[in-house]
Structure formats: C-alpha cells, structure tokens
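No value in this document is a laboratory result; all are computed from the given coordinates. Since this is a predicted model, take the numbers as computed values, not measurements. Note that each Cβ is placed from the backbone with ideal geometry, even for glycine, and that neighbours are counted across all protein chains shown.
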Amino acid sequence: MPASVFDGPFVAHLILAVSALAVALGLRPWAALGGDGPPWPWLFLAALLPLFWGVDRYAVPVAQPLSGAALLVLFAGWPLAVLAMLPAALITCLAGDLSVAEALHRLIWLGIVPASLTLAIGALLRRYLPHHLFIYILGRGFFGTFAAYALTSAADIGLHAALQGTLPADLMIARVLNAFAEAFLTGMCVAIAVAYRPQWLATYSDRLYLPAKSS
C-alpha cells in the first residue's frame, strides 16, 4: 500500500488518472446517450464498482478485490466507464476507510488500466478476427476480460509487490483466480445481454456481428 501521497507511485497514478479522465471528458460520450440517459444496467454496474473494489475491506481481509472494469466497458463504453470510476473510487475510499493513495491505486489498477486493456484487446479482435457473434461473446466477454485482468495484475505486482506485504507468487495465484471469476461473470452477462438486450451493450452491434441474411 502506498505510504505517502508524495511518493513516486502516487504521482504516477495521479498523472495517469487525470490523463484518462481528460481523454474521457474530451470524447463527450454523453452526447450519444439521448434524452433518456444511459440504460439502467450501466448505472447498476457502475454502482457495483465500490463493492468490488473494497471487498477486502468490507468482508474477508485476505480476499482480493474484483475489478468489474471490463464488464462496464463492454456495456457502457470506455469513456463513460472511466468517468464512472472516479465517484466509485471516492466511495470506496470513504466506505473502506482507505488512504487517498490507496484509493488512487485502486482507481488505476482495478479501474483505468484493465478498462483500457479491455478496449485495446477489443480493437485487436475486431481488426484481426472475423466479426462473428461468438468472437464477441467469447473473445471480448471471456478471454479478453481474463487477459486484461491478468496482464493488469502482473504489471501491478511487478511494480508494487514490495508495497503489498505479500509474496508476489502468492499474489499472482490469487489474481489469476480472480481473473477467471471476472471472465466468467463478464462472459455470462455479455452472453445474456446479446441474446435478450443487445441495445444495452455499447460495444455490440447486430450489423457488425451477425451475418447478413440472404434475400
């Protein structure tokens, strides 16, 4: 855990957070929402972030926090997901009795970094794989989520293992198990949404992922 708001990790995290929020604001994602505002599942998923990010503070201390970033990105898109993460970090800070440095650490490594990797992995899948329904569900929903969280965890542990107070190998095992849980949850929710409410997914389009019907 960061020891001071003046140390190197805090400054780097602050720069990353401000940069991501500035980009998200610059994209003006609310302009595409229309008069009815965002679908309620987007708001529900955003409201779950403080619960995911602070689970080790509210329940079992040895538990690893969940992210939920990939799921929110697939439903709401990267810009709105990133904007929703700032109030989520503030609520987690207050409800979990975290220091400002630790709350910022979670904003970056549970929120912005996995969200950005989810976006990048999705772009690669769209660029190099066929635009097929199961590519979206399995590629972006399951494998993309697993890869985003696993890569984020490896980077976080590599950069901040000394601050975690736990052996890096033990932390990585716990994070890989969490990555499977994240992937299962995200893949299941995405599959259900594609089948019944595709309009809830900002990153999905029938025109793109369903083959055209022959006349």
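Which net charge results for the neighbourhood of ALA88, defined as the other residues with beta-carbon distances under 15 angstrom from its beta-carbon, given Lys and Arg at +1 and Asp and Glu at -1?
Counting the neighbours of ALA88, the net charge comes to +1.
Which listed residue (PHE44, PRO168, GLY77) has the Cα farthest towards the positive end of the charge dipole for the chain, taking +1 on Lys and Arg C-beta and -1 on Asp and Glu C-beta about the Cα centre?
My answer, from the dipole projection, is GLY77.
Using the beta-carbon distance between LEU94 and ALA31 and R0 = 25 Å, what value does 1/(1 + (r/R0)^6) give for FRET efficiency, to the nearest 0.05?
Plugging the Cβ-Cβ distance into 1/(1 + (r/R0)^6) gives 0.20.
How big is the dipole moment of the chain about its Cα centre under a simple scheme where the beta carbon of each Lys and Arg is +1, that of each Asp and Glu is -1, and everything else is neutral? Debye, nearest 20, please.
It works out to roughly 760 debye.
Would you mind calculating the relative contact order of the range 8-209 from Cα pairs under 8 angstrom and at least 6 residues apart, reporting the percent as a whole number?
Reported relative contact order: 24 percent.
Which residues in the range 115-140 have a backbone N closer than 20 Å to a point placed 7 Å from the Cα of LEU48 along the Cα-to-Cβ line?
Within reach of a label on LEU48, which here means backbone N under 20 Å from a point 7 Å along Cα→Cβ, the range 115-140 contributes 115-119, 122, 136-140.
Please name whichever of GLY35, PHE10, ILE112 sits farthest to the positive end of the charge dipole of the chain, dipole taken about the Cα centre and charges placed at Cβ: Lys and Arg +1, Asp and Glu -1.
GLY35
So, by mean Cβ neighbours within 10 angstrom, what's the order for 81-92, 105-116 with the highest one leading?
Packing proxy ranking, top to bottom: 105-116, 81-92.
Of the options PHE184, GLN64, LEU159, report the single residue whose Cα projects farthest towards the positive end of the charge dipole of the chain (beta-carbon charges: Lys, Arg +1; Asp, Glu -1).
PHE184
Find how much the distance from LEU167 to LEU208 grows on full extension, using 0.36 nm per residue of separation minus their present alpha carbon separation; answer in nm with one decimal.
Result: 10.3 nm gained on full extension.
Suppose R0 equals 45 Å. What FRET efficiency, 1/(1 + (r/R0)^6) with r the Cβ-Cβ distance, do ALA59 and HIS132 give to the nearest 0.05?
0.70
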